[in-house]
């Protein structure tokens, strides 16, 4: 079987790999306030048909997402600045929120053990930690410094949304409900 290492989904392991990815994110930013960013994370909802009682182990409702108003699966992903997936896992049913999926996937443990000075970026669905930065929310998010922080974080975090867009464009089957067990 032919191999293509460029398509491998492999989370970095060495400081050198983390530094290379961090430099990539720095090159995408208009300000260097996020030095050490080694990934952007988010959840991906893949619509499916309503699963059978057998396939859902008797819990069809767990696959229904109230947010998207359809049945599906929740996946978690981390990408680098070049839109390459560093982590991708189909984690749970559609009703599972991103933060719970993040914890269940083992990704939380990976991120918690990043070398000092490195972190990933997420949205407000996640819980802030030393290695996972999220935007400010609430009434004080409009303070100048917090608004600027949110702007620059969003400027880098959008890379994961762009990766999802590429994924769905490339694999047209993902535009529709999947029919599978």
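The table below lists the values:
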read-out	value
For residue 151: the one exception among (1) more than 13 Å from the chain's Cα centre (by Cα); (2) free of Cβ contacts under 8 Å to residues at least 12 places away in the same chain; (3) more than 19 Å from residue 26 (Cβ to Cβ)	(3)
Test result for residue 158, in a helix (DSSP H, G or I), within 30 Å of residue 16 (Cβ to Cβ) and at pLDDT 95 or above	yes
First in the range 109-122 and on the phi > 0 side of the Ramachandran plot and touching a residue at least 40 places away in the same chain (Cβ under 8 Å), second anywhere and buried (at least 19 other Cβ atoms within 10 Å of the Cβ) and assigned to a loop (DSSP other than H, G, I, E, B), Cβ under 9 Å, 6 or more apart	117/36
The one condition in (1) closer than 17 Å to residue 160 by Cα; (2) free of Cβ contacts under 8 Å to residues at least 24 places away in the same chain; (3) surrounded by fewer than 15 Cβ atoms within 10 Å (Cβ to Cβ) that residue 89 fails to fulfil	(3)
Residue match in the range 133-140 (condition: out of contact with any strand residue (DSSP E or B) (no Cβ under 8 Å at 6 or more places or on another chain), without any contact (Cβ under 8 Å) to a residue 24 or more places away in the chain, within 24 Å of residue 82 (Cα to Cα) and outside any loop (DSSP other than H, G, I, E, B))	no
Residue that is surrounded by the fewest Cβ atoms within 10 Å (Cβ to Cβ) [pool: residues in the range 93-125 that are within 14 Å of the chain's Cα centre (by Cα) and part of a strand (DSSP E or B)]	119
Every pair of residues 6+ apart whose Cβ atoms lie under 6 Å, when the first sits in the range 1-23 and is exposed (fewer than 14 other Cβ atoms within 10 Å of the Cβ) while the second is part of a loop (DSSP other than H, G, I, E, B)	15/115
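The values are calculated or read from the model by the stated rules, or taken from the named source; none is laboratory data. These numbers were taken from a predicted model, which means no experiment stands behind them. Methodologically, a virtual Cβ is constructed for each residue, glycine included, from the backbone with ideal geometry; neighbour enumeration extends over all protein chains shown.
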